[in-house]
Amino acid sequence: MFYGTAAWDPWLIVAQIVSLQCLYYLTLGVLLSILVGTRVSKMSLVYFFDYATVTASTATGWCVMASILLSSIAGAGYLVYLVERAKKCLDFCATLYIIHLFICIAYGGWPASVTWWVVNITGLAVMALLGEYLCMRRELREIPISRYRSNA
């Protein structure tokens with residue numbers, strides 16, 4: 001979708017990062033609404049950005065972890081259409097999770113939970129590896145050639 005010439009285009013890169021970040025948070029919000037919204041009385045940004053909600057000691061915490069990991073799988077699918085290049089997937093995934101880390105720090109302080117780090121690093125790895133795999137499969141597809149060529 002956004003793939004262009006080989007020239008370095010900073011506006012294209014920023015548009016890809018912003019699009020990927022928005023789609024990631026949109027997916028995370030939908031999954032949190034489905035998995036966590038049924039368990040709590042009021043949804044808030046706490047479940048997005050507070051490290052204390054990512055815990056293995058409660059059922060709600062497991063739902064938050066599942067939402068984050070499922071969002072990373074969906075993010076791999078977004079990489080196929082936004083980035084389109086396997087060699088760029090790790091860069092965009094790392095950028096997404098670094099921006100997420102900064103937002104989490106601004107919202108609730110430095111993530112002191114080991115569980116938060118494990119879940120987010122696992123999400124980064126899943127998103128990057130699955131995104132690279134899907135992009136490679138797309139890059140290696142055969143180019144369709146018209147069946148009906150003129151015999152000139």
- [ ] Please specify each residue of the range 13-28 satisfying the condition of being of a type in the set (A, V, I, L, M, F, W, C), within 24 Å of residue 66 (Cβ to Cβ) and buried (at least 16 other Cβ atoms within 10 Å of the Cβ).
- [x] 20, 23, 28
TODO: Report yes if residue 63 is more than 21 Å from residue 20 (Cα to Cα) and buried (at least 20 other Cβ atoms within 10 Å of the Cβ), otherwise no.
DONE: yes
Task: The lone exception for residue 57 - which of (1) free of Cβ contacts under 8 Å to residues at least 24 places away in the same chain; (2) within 17 Å of the chain's Cα centre (by Cα); (3) not in a helix (DSSP H, G or I) it fails - done: (2)
- [ ] State which residue pairs qualify: first residue farther than 12 Å from residue 70 by Cβ and modelled with pLDDT of 95 or more and inside the range 29-46, second residue surrounded by 14 or more Cβ atoms within 10 Å (Cβ to Cβ) and of a type in the set (D, E, K, R) in any location, beta carbons under 7 Å apart, and separation of 6 or more residues or different chains.
- [x] none
Task: Matching residues, the range 79-115, being within 16 Å of the chain's Cα centre (by Cα) and under 22 Å from residue 47 (Cα atoms) - done: 93, 94, 95, 96, 97, 98, 99, 100, 101, 102, 103, 104
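Yes or no, residue by residue, for (1) of a type in the set (A, V, I, L, M, F, W, C); (2) within 18 Å of residue 17 (Cα to Cα):
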position: 88; (1), (2): no, yes
position: 91; (1), (2): no, yes
position: 105; (1), (2): yes, no
position: 108; (1), (2): no, no
position: 115; (1), (2): no, no
position: 122; (1), (2): no, no
position: 128; (1), (2): yes, yes
position: 140; (1), (2): yes, no
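The values are calculated or read from the model by the stated rules, or taken from the named source; none is laboratory data. Quick caveat, the model's predicted, so the values are computed rather than measured. Neighbour counts are summed over all protein chains in view; Cβ atoms, including those assigned to glycine, are modelled from backbone coordinates with ideal geometry.
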